[in-house]
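Comments concern the structure below.
The values are calculated or read from the model by the stated rules, or taken from the named source; none is laboratory data. These numbers were taken from a predicted model, which means no experiment stands behind them. Backbone-built Cβ (ideal geometry, glycine too); neighbour counts: all protein chains shown. Keep in mind that these areas ignore ligands, DNA and RNA; they rest on the heavy atoms of the full protein, side chains included. Shrake-Rupley method; radii C 1.70, N 1.55, O 1.52, S 1.80 Å.
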Amino acid sequence: MTTAVVYGTDFFCALVLRTALARIDDRALAATTGRIHEVADKRMPIPGAVGVVAAVLAAALAFLDGAVTAGLLAALAVVVLAVWLGIYARISAPINKELTTAVLADRVPGNVREMQRTWDSVIVVRVVLQGIALVALFLAALSV
């Protein structure tokens with residue numbers, strides 16, 4: 001379920017926020033995204049971490065129980081979530097931090113549009129990865 005929370009959040013960002021944020025001025029963009037990341041970067045690691053731990057436990061328990069198909073599917077979810085985490089840590093998180101720092105200092109970064117374009121450039125990939133993890137975990141549960 002916690003993986004679904006992250007998937008839903010990323011899906012909303014890809015489907016709604018990306019387009020909406022492209023239509024506002026730079027000051028509003030910096031303020032809005034800075035505040036979103038200020039809150040989200042404190043709260044979203046919890047469901048993200050719980051989702052990864054749950055997937056690891058699902059894989060381990062399935063293999064221990066001899067449910068190879070379920071174990072492989074859960075292991076696939078773990079790998080996909082690790083790739084998602086790598087993309088998040090390398091691309092999204094540094095931008096989130098810079099935008100949060102800017103909003104707390106009440107400043108608009110000169111490259112705010114470029115930062116947002118870079119952040120947007122990986123959100124669809126993040127959605128696809130979370131979706132694959134969700135489907136793999138669902139199928140793992142069905143196969144036991």
(Q) So in the range 13-30, with the set limited to residues that are among the charged types (D, E, K, R) and without any contact (Cβ under 8 Å) to a residue 24 or more places away in the chain, which one is most open to solvent (accessible area, probe 1.4 Å)? (A) R23
Q. So L139 clears everything in (1) surrounded by fewer than 15 Cβ atoms within 10 Å (Cβ to Cβ); (2) on the phi < 0 side of the Ramachandran plot except one condition, right? Which one?
A. (1)
(Q) Restricting to the range 31-43, name every residue that is farther than 15 Å from S92 by Cα and either touching a Gly at 6+ places or on another chain (Cβ under 6 Å) or open to solvent by less than 60 Å² (accessible area, probe 1.4 Å) (or both). (A) A31, T32
Q: Would you mind stating whether V6 is surrounded by 14 or more Cβ atoms within 10 Å (Cβ to Cβ) and either within 29 Å of G110 (Cβ to Cβ) or in contact with a helix residue (DSSP H, G or I) (Cβ under 9 Å, 6 or more places away or on another chain) (or both)?
A: yes
Q.
Looking at R117 and the list (1) assigned to a helix (DSSP H, G or I); (2) among the charged types (D, E, K, R); (3) in contact (Cβ under 8 Å) with a residue 60 or more places away in the chain, which single condition is not satisfied?
A. (3)
